[in-house]
1. Restricted to the range C:81-110, and to residues that are of a type outside the set (A, V, I, L, M, F, W, C), assigned to a loop (DSSP other than H, G, I, E, B) and open to solvent by 30 Å² or more (accessible area, probe 1.4 Å), which residue is farthest from the other protein chains (Cβ to nearest Cβ)?
2. Select from the range C:24-55 the residues that are among the small types (G, A, S) and within 14 Å of chain B (Cβ to nearest Cβ) and list them in ascending order.
3. Taking E:A153, is it more than 14 Å from chain A (Cβ to nearest Cβ), under 16 Å from the mean Cα position of the chain (by Cα), crowded, with 24+ Cβ neighbours inside 10 Å and farther than 30 Å from B:T41 by Cα?
4. Is there a residue in the range C:36-43 that is in contact with a helix residue (DSSP H, G or I) (Cβ under 7 Å, 6 or more places away or on another chain), assigned by TED's automatic domain parsing to the domain that holds C:L180, at pLDDT 95 or above and within 19 Å of C:A147 (Cβ to Cβ)?
5. Could you go through the range B:135-149 and let me know if any residue there is more than 30 Å from C:V206 (Cβ to Cβ), part of a helix (DSSP H, G or I) and within 16 Å of ligand 4 (Cβ to nearest atom).
6. In the range A:146-195, what count of residues is obtained for those that are closer than 22 Å to A:E26 by Cβ, more than 9 Å from every other protein chain (Cβ to nearest Cβ) and outside any helix (DSSP H, G or I)?
7. If a residue must be open to solvent by 10 Å² or more (accessible area, probe 1.4 Å), within 15 Å of the chain's Cα centre (by Cα) and away from ligand 1 (no atom under 16 Å from the Cβ), how many such residues does the range C:140-192 contain?
8. Which members of the range C:321-359 meet the condition of being hydrophobic (A, V, I, L, M, F, W, C), open to solvent by 10 Å² or more (accessible area, probe 1.4 Å) and part of a loop (DSSP other than H, G, I, E, B)?
Amino acid sequence: APPAPGGTGQEITVAAASDLKFALDEAVEVFETEHDGVEVEVTYGSSGTFVQQIRNGAPFDLYLSADISLAEQLAEEDRARPQDVFGYAVGRLVVWAAEGSTADPRKGVAGLAEDAVTTVAIANPEHAPYGRAAEAAIRTAGVEEELEGKLVLGENIAQAAEFARSGNADAGIIALSLALSPGLRDEGTYSEVPLEDFPTVEQGGVVLEGAPQEARDLAAFLTSPDGRGILAEHGFHPPAGAEG
Amino acid sequence: MAPTLSLRLRHQVLDVDLSLPLEADAPVTVLFGPSGAGKTTLLRCVAGLDAPAPPARVVLDGEVWNEGRRRVNARRRGIGYLFQDHALFPHMGVDANVAYGLTGLPRAERRARTAQALADAGVAHLAGRATRGLSGGEAQRVALARALAVRPRLLLLDEPLSALDAPTRTGLRAGLRAVLASSGTPTLLVTHDRAEALALGDRLVVLVDGRVHQQGPVQEVFSRPATPEVARAVGTENVLSGRVESRAGGLVRVGVAAGALVAPDPGGLVPGGRVLACVRAEDVALETEAARAASPRNRVAATVTAIVPEGPLERVELDAGFPLTAYVTRTSRHELGLVPGSRVRAVVKAAAVHLIPRT
Amino acid sequence: MAPTLSLRLRHQVLDVDLSLPLEADAPVTVLFGPSGAGKTTLLRCVAGLDAPAPPARVVLDGEVWNEGRRRVNARRRGIGYLFQDHALFPHMGVDANVAYGLTGLPRAERRARTAQALADAGVAHLAGRATRGLSGGEAQRVALARALAVRPRLLLLDEPLSALDAPTRTGLRAGLRAVLASSGTPTLLVTHDRAEALALGDRLVVLVDGRVHQQGPVQEVFSRPATPEVARAVGTENVLSGRVESRAGGLVRVGVAAGALVAPDPGGLVPGGRVLACVRAEDVALETEAARAASPRNRVAATVTAIVPEGPLERVELDAGFPLTAYVTRTSRHELGLVPGSRVRAVVKAAAVHLIPRT
Amino acid sequence: MDWDAVALSVRLASATTLVLLVGAVPLAAWLAFSRRRWTVLVEAVVALPLVLPPTVLGFYLLVALGEGSPVGRWWSETTGSPLVFTFNGLLVASVLHSLPFAVQPLMASFAGVDRRLLEASWILGRSQAATVLRVVLPLSRPGLVTAAVLSFAHTIGEFGVVLMVGGNIPGRTRTVAISVYDSVQSFDYATAARTSVLLLLFSLVVLVATYALNRRGGPAWPRP
Amino acid sequence: MDWDAVALSVRLASATTLVLLVGAVPLAAWLAFSRRRWTVLVEAVVALPLVLPPTVLGFYLLVALGEGSPVGRWWSETTGSPLVFTFNGLLVASVLHSLPFAVQPLMASFAGVDRRLLEASWILGRSQAATVLRVVLPLSRPGLVTAAVLSFAHTIGEFGVVLMVGGNIPGRTRTVAISVYDSVQSFDYATAARTSVLLLLFSLVVLVATYALNRRGGPAWPRP
Ligand SMILES: Nc1ncnc2c1ncn2[C@@H]1O[C@H](COP(=O)(O)OP(=O)(O)OP(=O)(O)O)[C@@H](O)[C@H]1O
Ligand SMILES: Nc1ncnc2c1ncn2[C@@H]1O[C@H](COP(=O)(O)OP(=O)(O)OP(=O)(O)O)[C@@H](O)[C@H]1O
Ligand code: MOO
Ligand SMILES: [Mg+2]
Ligand SMILES: [Mg+2]
């Protein structure tokens, strides 16, 4: 979008990782009431896809990735200034099972090795940050071999959650943010995977080249205490080095 | 009672109520009529391919094929149909086309019947050929073989020999008649060819504008057309309008233009009534002025106006006070030394004059 | 020098090397020949729809259409073609079909030419009709109209009247001849009908098995077939094989089975040589035993073996030591009281016997 | 319900179908009637967009049409707006992606037209283009309908290519397919179901109308 | 290169094409020749799988065929293995998803068969099934080829439905389309390009062979 002086009537477009859907929707609502006349359009999708699109000229002002390294990558490619990269949250991982499933989330990742559990859904570790996290958690729990034949891979973390929610997978290792979402909240139970069991899912964003001031304002809002509060409610820890 | 085919059909131009005997020794009914008369439409209704409007009725030998809206499926009627446009399956060979309807038979039997049908249709030499690339006459004969091969309960032939040259046609005609007569298969045959009707048909039905105008033995219909339309359809060359002058001894004297003709009394005529006198051109003999005595004959002086060669005959156009056409052989023409302008006598036997009362 | 159509074609069965004059006052060449002779193939090669093998050559009036592999596109040849199977566009109405080739004309002109062509083909009453549902004969005439409408440089008519009844055909024949003669359009016309060839053709080309066997004025080819194949093709009923017995005074005496025939000397015969004697059935007159004196005639005693009605004539099969066929009128048959078994004399004028040397 | 997305989808599907029919007819005619051997190669190439996963095809199209590509730059310079992430970009991508659905059925139908009618047209002096328009096309109506229906329906439902090339920007490049996809991804099954049902009903109406128009005068078995 | 995925895709596409051709021929024949008015509704319904985004269709299929559904339970009980996340589930989903690509071109081709030939077949006493097999189908070869090509190519490239119903299990339900998609998503453009090129080349060979076989004896413009 063409850079415009701060003020009213400004529209900004945000590309955001899909695990942010519920948190960001709320944050944007608050932000918009505070910034009269600013309109925020959010496109949720796969973090990787956004990188490819931004490289080819996608008209996004702010990019909120599930993986901060992707944001840094864009800065290196001169799509943004390095100082505009910021961390906004750390993702949390849970074992989730639908009501009535044979799996018991309380037993954690190790519990998924039981024979009663035949299928476990995770996001594809090849390109989804939460997929990589889930894979690491499985390794940490030492049940790699037991789960080998049980894993089904979602294109992204939402699809993995769908497998579990529909009961076709007995359990899923998914983001806490999804487990807290309206769609899953009342459908099953979960237990959190300890943060030290997998490498930190550091979610970071970047204000892209040519973005208007309002995009910076939104980024600032997300890293403000108010923003962090909203993110925390939806299952995110604050980024490393920030206040809890 | 002999088995019959009863038809009551209203469809497109067709409006027909007909009952045809199907004796095994006289199985062929010829449908004759001008182009567009409804001959093909009639065959399609009998075959079950067109749905005539109720109250329709098609009954073959007591078996009801069509009664109001109830119709026996075309494929259960056991019909052999040579379509006017052949409708060979282009992707199959000649043999496969002919064998197509022969289901449930041992292979050897299928092959034998196919070969027999091809031979009956005069195209044994086409066995093994592809269908694409057949000439018009070849395709027609293969289609004929296909219709014959199924040994149908009823055979419908829509102009089976029209695409053939005269020698082939004449040869095939005799063979076809033999096949039909020996199998006794009831047959409806459409043709435009008088010779074919005469050679192949036992009975003739004349269809004009969708209606049956006359039916009966072939020769009789040709020589005694019941209506002017039939006369035109069967190609009666001379249809002269006149008035009854007198009746006596089974003969009627009819005034025609400047002259008069004597004809057998068909009954129901009143003196002064209008009639049409029909005379076939081949029944008009020509002789030179030197008269000869003979049986009750009509003799009219006439002048030759034109001579047109037409196949084996010469068509002689005459002016006898009214236009008159005669057919003579080339031999006769030379013997009589006919040229346009010649003065001749046209002789017509009374028996050859056929009167149609005109309303 | 008159313009010509030169053809040199090898394709499928076809092997032809032909040069046809195209005088405007005698424009119609009739192609005659048995089914499968290659008539349609020849038309398709001339039209540019089939590609004859080199060295092929099609030249119309000095304009080269085909020379080896070079071919003028069919659509640039300015041809009117009535296909044997009509090939009407089924999705267009009758008028749209006829007007299809009339491009670049003002609308009124298009409409006038369409109406004219429909009238010329005898189907003015079909204007406005859909093409689906046309009867066979109606479709054929619409296709004829379509070919005529474009006022072509060359007209190719593949059996233009074969689907028509006799009266319609006779009527249309005269009209068509008038249209062709008045426009002078060079025309190749395929027909199986001798009367049609005689009525429409100026020249006759006889094609048998893909080769030209004879060409010349229609009447001449019919009465003087050059080869036994032509004799068969043009429907000469009697082809008798015999040996030359003697030659004298322009006449040849030919021994045939038990008897002998006298015929004009065609030249090039040697006593003892084998010949075929061709006699048309209509040139065989029949008389009762009571003899009459006459000009040089062949007279043979014969027995009637069969009588078959055939159109306007009766076909009489005879046994005269050899099989012989005669056509007589119905009148003659009755006068002579012919029945199978009758003993008659068959009379053939020497001039009507045509000899073909046999190699 | 995301009415903007519905409107965009209908617009995109209609435009795609239109462009495809106009473009595919000559291409299909050329392929169906060409005598040259190597046209089978073109035939095969036309079908190739199908074998790539839509997202992957979308990715390559993004690269090929994007700012970094000569095509993308030329377009930007000529029209002043980029090709990717705009309606025009979606249109180009959809047309390429649905090309096989238009070309293939047309080719099949064209090949079924009675050759004798083509010959009749040539003999009457008409050009190949006129023959296609006036004879081949009217006689290929079922193939034309199939081409239109498949192109339209496929464009309505497609989201991989559109997502990649369009960027899912609300009101501009978010089609209804992406919108349903988003609903499902965010577990908003009620909205997903509502939108799906709307999509299905709308498509049903369009398809039934199309088929009913096409049906008139087709062949049928004889009644028993 | 993920050869397992390639093999699985070829197997799935072949099986889908086979099932579709066997199943679509009677369906298409019924639709093409039926006199009943309401068949246009069925015609339209057959095309509907197209208008849903593949992932959404996949989602509904996952629910419809999954363990929670009667169909899924019945299948599990009968065969001892679930339908979803297995090859059989992929096959069912692919067949449903590609159904329009098989039925539509067949219908269009069937409708183009000269009615007189159907009549000739009936008159000769052959059943509707025999007529379809021996007359209609051989004369619809271009339509059959189109149906097969579209079904095959579409199944090769499809990944939305397959991912949803199959679960992307390496060696079991990961098709080559998913594999390329994964490569692109993880920025492994080299592998993605290699696999895409392989896919394209393989498909090109299959398509060219198919078309070359089909080409023989088709119509052609006359040479100038
Ligand atoms: N579906 C139809 N719609 C309109 N008219 C039709 C239809 N079918 C037939 N006709 C008309 O009915 C008449 C009879 O047609 P039919 O084909 O039975 O004639 P026919 O006697 O076989 O003629 P021909 O000897 O020329 O083949 C024709 O004038 C034809 O145009
Ligand atoms: N493509 C082809 N392949 C094989 N044979 C062919 C092909 N085309 C024509 N023929 C054969 O060539 C011969 C001549 O065919 P053509 O159609 O020219 O005959 P015709 O003289 O028009 O006969 P008709 O009077 O029966 O129409 C036929 O025996 C035909 O079977
Ligand atoms: O939010 Mo992701 O990038 O689909 O795991
Ligand atoms: Mg007819
Ligand atoms: Mg021919």
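1. The selected residue is C:P106.
2. Across the range C:24-55, the qualifying residues are C:G33, C:S35, C:G36, C:A37, C:G38.
3. The answer is yes for E:A153.
4. yes
5. Yes, some residue in the range B:135-149 is more than 30 Å from C:V206 (Cβ to Cβ), part of a helix (DSSP H, G or I) and within 16 Å of ligand 4 (Cβ to nearest atom).
6. 6
7. 3
8. Within the range C:321-359, C:F322, C:V339 meet the criteria.
The values are calculated or read from the model by the stated rules, or taken from the named source; none is laboratory data. Quantities reported herein were computed from a predicted structural model and do not represent experimental measurements. Neighbour counts run over all protein chains shown; Cβ positions are idealised from the backbone, glycine included. Heads up: the accessible areas ignore ligands, DNA and RNA and are worked out on the full protein's heavy atoms, side chains in. Shrake-Rupley method; radii C 1.70, N 1.55, O 1.52, S 1.80 Å.
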